[in-house]
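The values are calculated or read from the model by the stated rules, or taken from the named source; none is laboratory data. All figures in this text were calculated on a predicted structure; none of them were measured in a lab. Reconstructed Cβ throughout: ideal geometry from the backbone, glycine too, with neighbour counts over all protein chains shown.
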Number of protein chains: 2
Amino acid sequence: MSGEEKGVHGRRTGRRPGDARSRELILDAARTSFAATGYAATTIRGVATAAGVDPALVHYFFGTKDGLFAAVMELPLNPSQLVEDIVAGDVAGLGERLARRFLEVWDDPVTGPPLTGLIRGAASHAPSADLLREFIGREMLVRIAASAGRPDAVLRANLCAAQLMGTALLRYVLRVEPLASTGAGDLLGWLGPTLQRYLTADTPERPVG
Amino acid sequence: MSGEEKGVHGRRTGRRPGDARSRELILDAARTSFAATGYAATTIRGVATAAGVDPALVHYFFGTKDGLFAAVMELPLNPSQLVEDIVAGDVAGLGERLARRFLEVWDDPVTGPPLTGLIRGAASHAPSADLLREFIGREMLVRIAASAGRPDAVLRANLCAAQLMGTALLRYVLRVEPLASTGAGDLLGWLGPTLQRYLTADTPERPVG
DNA sequence: GTCTATATCGTGATAGAC
DNA sequence: GTCTATCACGATATAGAC
């Protein structure tokens, strides 16, 4: 306000001036909007209004709409750590640990919404689809499936992903009842064995037909 | 061209004038576009161009973009008939019959694409979401689950739907490999037992945690 | 039944004052 | 760091000629 403050303590001392609270307000609003309505239906003007700031500010901070999306999708979770936790332990409990971690992350109010936005966006926004594919593939499930040491590990990982993404779609995006309201503990009993079977069972016979 | 022809054979004779081939061309193009890029990214101009007609014609036939979408989603399949086919037969084969019909319908080049469009649209287009919820719920899976005669039939149906919608998302929308290229026969061996367990197994114990 | 022309709107993005 | 003003674009939709 009253001129430059730098230099009082010598160079590079004191906190940098930028990033007032507005940046976080914008990110929060964007997170909510992307999660609630997807990429296409989210407008910069709408985000700005929800955040109580001017639309131009959004561009100032994030450049483009894609930049804003990318910033929101900087997921506050560490896939490698997750994989380590799931893989650690006996193979017999692999499916249940996977299901448990999955539900924890999606039920969490901070890590869940960006993921919901990711699924919504994957339908019509190519970068989202790529991100989700990557998330499904390389980073997570393939490594888990590989740790079980069975053949067809990638297909097994895909099947797990299908069960989990489908659960996410119905439970968190479409909010289909009763699945959306069923407790994570009850769901575990259903999902755990399914994942366990995909990960460790013998490759099934091909049914007639 | 040369004035009115009615009255030659008395009233109400001869075929009605409307519905030239353009209508079908538009529907085909719209089906493709909705399936490929989703609702938001599909433009009336794009559909008109792909169909080789004028954009105004689209409005003439279908009124609004939503009207066009609704027309495309008049699914060329009969849910009641499907349910009957699946339910008929021994309960032990219920899961496999469900998986087989599902893959048949989605792999079919005429019934598959509209369904792909439906999933894409459900992410950000409320009417699509409603339609999909209805399709998942009332019309199909709940009736199938009920036929197995176990408690929690609706939750069981939701779990089946999660597995199937997730499979559709990865296989037909995101085209994740190797799931997208795996033959229906091989998939049956994996999906059938999962659905069978959801439909007929005892309600599982709730795992600790 | 088909197309041309256009009205109206909302979007993402930028330039520049303060 | 924030806001005003505006641009260029593409969308849906409509009126009306042929």
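Taking the range B:144-181 on its own, how many of its residues are farther than 19 Å from residue B:119 by Cβ and of a type in the set (Asp, Glu)? Looking only at that region, the number is 1. Hand me the list of helices (runs of 4 or more DSSP H) wholly inside the range B:102-152 holding 3 or more residues that are away from chain A (no Cβ under 12 Å). Qualifying helices (runs of 4 or more DSSP H): B:112-122, B:142-147. Count, please, the residues in the range A:198-209 that happen to be of a type in the set (D, E, K, R) and within 7 Å of chain B (Cβ to nearest Cβ). Total satisfying the criteria: 2. Which members of the range B:49-69 meet the condition of being under 29 Å from residue A:119 (Cα atoms) and surrounded by 15 or more Cβ atoms within 10 Å (Cβ to Cβ)? Passing the criteria: B:50, B:65, B:68, B:69.
Only one of B:61, B:69 is in a helix (DSSP H, G or I), within 16 Å of DNA strand C (Cβ to nearest atom) and free of Cβ contacts under 8 Å to residues at least 60 places away in the same chain; which? I'd like the intermediate steps shown before the answer.
Working: B:69 fails: within 16 Å of DNA strand C (Cβ to nearest atom).
The unique qualifying residue is B:61.
On the stretch given as the range B:128-150, residues that are over 21 Å from residue B:96 (Cβ atoms) and at pLDDT 85 or above total 7.
Can you tell me which residues in the range B:39-54 are in a helix (DSSP H, G or I) and either under 17 Å from residue B:24 (Cβ atoms) or modelled with pLDDT under 90 (or both)?
Within the range B:39-54, the first condition is being in a helix (DSSP H, G or I), and the residues that meet it are B:39-41, B:44-51.
Residues satisfying the conditions are B:39, B:40, B:41, B:44, B:47, B:48, B:49, B:50, B:51.
Within the range B:159-181, being among the polar types (S, T, N, Q) and in contact with a helix residue (DSSP H, G or I) (Cβ under 6 Å, 6 or more places away or on another chain) holds for B:163, B:167.
Report yes if residue B:157 is over 11 Å from residue B:199 (Cα atoms), within 13 Å of another protein chain (Cβ to nearest Cβ), out of contact with any strand residue (DSSP E or B) (no Cβ under 8 Å at 6 or more places or on another chain) and in a helix (DSSP H, G or I), otherwise no. Against the criterion (over 11 Å from residue B:199 (Cα atoms), within 13 Å of another protein chain (Cβ to nearest Cβ), out of contact with any strand residue (DSSP E or B) (no Cβ under 8 Å at 6 or more places or on another chain) and in a helix (DSSP H, G or I)), residue B:157 does not qualify.
For the range A:32-49, a tally of residues being within 10 Å of DNA strand C (Cβ to nearest atom), more than 10 Å from chain B (Cβ to nearest Cβ) and not small (Gly, Ala, Ser) returns 5.
Out of the range A:166-209, which residues are in a helix (DSSP H, G or I), among the charged types (D, E, K, R) and farther than 27 Å from residue B:122 by Cα? Give the derivation first.
Here is the first cut: in the range A:166-209, the ones in a helix (DSSP H, G or I) are A:166-173, A:184-200.
Adding the requirement that they be among the charged types (D, E, K, R) leaves A:171, A:186, A:197.
Within the range A:166-209, just A:197 meets the criteria.
Go through the range A:146-195 and report how many residues are of a type in the set (Ser, Thr, Tyr) and crowded, with 18+ Cβ neighbours inside 10 Å. Before you say what the answer is, go through the steps one by one.
Let us first name the residues in the range A:146-195 that are of a type in the set (Ser, Thr, Tyr), namely A:147, A:167, A:172, A:181-182, A:194.
Next cut, crowded, with 18+ Cβ neighbours inside 10 Å only: A:167, A:172, A:194.
So the count comes out to 3.
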